[in-house]
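Data first, discussion second: the structure below is written as structure tokens.
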């Protein structure tokens, strides 16, 4: 059987894998990426957050992405029953990037992978990991190509950025259920010929359709727009017909989109994803680290996926480099704890979104502008800024604010 040796094997050629691979390669180590799919391939997670720009910059990807002229994104717009709440990243509390992109992920991910190839990092597509054996931190990974031919890759360390593939958690029985309830999404891309260029496309729009049901609208620079409904699975059972029939009926039922999406051309047959929230028993082990969605995927509502993917791989890459240099690494303290800080902050906001807490805050008649800046920082992905009270106290601050707003509303109504 063919065998080769590298310093680091990276599983997955998405943003998580490529960011880690690039940073490790630039430190002088040999890296190889194996990817189960062919690229370009479709995946959701099309609206980035400013915090991920720091990781893309360190990986050396920004110039290549800029050349693609993707749609620049400057904020997020929330809509509920005609009310609009705008968040612009330039107004955030945390100092950092104030813009990012909205991207068709197939083209975006391919761009990052091509950058790795140009750096001398081999990327093998249609290559499936079938087994991994660890001997201390050293490993032997068996893979198969598209024709079923096996080969082995010996590595000093593995970075698993396999996303939904969850290679190491599945091989070693590490998957664990999330504490978030199961949800479902029905989505497609449309030729958005009625798009208002005055109001869009410089930000994502999130529409409250019903309690616990929301819609994403993500315009791309090509004139194509990604649109999808998200909610509990039972909501979709109320609509009959094919996926296209269901999505057209749902779009027709939403006043904010009804005219814009009437008779719009779908680029592809609407797709369904559901029960995506999951986690794992550990983010690391002897000889490997998990990055991106393979650690934990929450929910698409705040576009946290690519940010958690790129930031986790950025942090993991530096720890892997230290490990390869013979330095001691406290993986729990230096990796798991920081990443759980980010995950748990986003989790609090996801839960507050679905239980209506954020609805109260976002659409308050007289929002506190300083607090809005702090919340805007979270929406920009700066969930590691502990100077921000709405990060540091994420589990309690939102509920306290919503109660205060409701109290003020009650007092005003009694006067």
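The values are calculated or read from the model by the stated rules, or taken from the named source; none is laboratory data. As the structure is a computational prediction, the values presented were derived from the model and not from experiment. Cβ sites come from the backbone with ideal geometry, for glycine too, and all protein chains shown count toward neighbours.
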* Asked: When the residues of region 151-175 are filtered to those that are in a loop (DSSP other than H, G, I, E, B) and under 19 Å from residue 21 (Cα atoms), which remaining residue is farthest from the chain's Cα centre (by Cα)?
  -> 166
* To do: Being in contact with a helix residue (DSSP H, G or I) (Cβ under 8 Å, 6 or more places away or on another chain) and within 21 Å of residue 94 (Cβ to Cβ) is the filter here, so list the residues in region 20-54 that pass it.
  => 48, 49, 50, 51, 52, 53, 54
* Answer yes or no: is there a residue in region 322-345 that is assigned to a helix (DSSP H, G or I), without any contact (Cβ under 8 Å) to a residue 40 or more places away in the chain and in contact with a helix residue (DSSP H, G or I) (Cβ under 7 Å, 6 or more places away or on another chain). => yes
* Asked: Which one is nearest to residue 76 (Cα to Cα), of the residues in region 285-321 that are touching a helix residue (DSSP H, G or I) at 6+ places or on another chain (Cβ under 7 Å) and assigned to a loop (DSSP other than H, G, I, E, B)?
  -> 302
* For region 362-371, enumerate the residues that are assigned to a helix (DSSP H, G or I) and surrounded by fewer than 21 Cβ atoms within 10 Å (Cβ to Cβ). => 369, 370, 371
* Could you tell me whether region 232-243 includes any residue that is within 27 Å of residue 106 (Cα to Cα) and touching a residue at least 60 places away in the same chain (Cβ under 8 Å)? => no
* Structure fact -> Given the conditions (1) free of Cβ contacts under 8 Å to residues at least 40 places away in the same chain; (2) within 17 Å of residue 309 (Cβ to Cβ); (3) touching a helix residue (DSSP H, G or I) at 6+ places or on another chain (Cβ under 9 Å), every one holds for residue 57 apart from (3)
* Mind listing just one residue for me: the one in region 239-271 that is loosely packed, with under 12 Cβ neighbours inside 10 Å and farther than 27 Å from residue 197 by Cβ and, of those, modelled with the lowest pLDDT? => 240
* To do: Determine whether residue 382 is within 29 Å of residue 231 (Cβ to Cβ), in a loop (DSSP other than H, G, I, E, B) and not assigned by TED's automatic domain parsing to the domain that holds residue 289.
  => yes
* To do: Go over the candidates 315, 324, 319, 358 one by one and state the one that is within 29 Å of residue 104 (Cα to Cα) and over 19 Å from the mean Cα position of the chain (by Cα).
  => 358
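Residue by residue, here is whether (1) in a helix (DSSP H, G or I); (2) touching a strand residue (DSSP E or B) at 6+ places or on another chain (Cβ under 7 Å) holds:
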residue: 205; (1), (2): no, yes
residue: 208; (1), (2): no, yes
residue: 215; (1), (2): no, yes
residue: 225; (1), (2): no, yes
residue: 228; (1), (2): no, yes
residue: 255; (1), (2): no, no
residue: 259; (1), (2): yes, no
* Output for region 196-222, where each listed residue is modelled with pLDDT under 95 and surrounded by fewer than 17 Cβ atoms within 10 Å (Cβ to Cβ) -> 196, 197, 198, 199, 202, 210, 211, 212
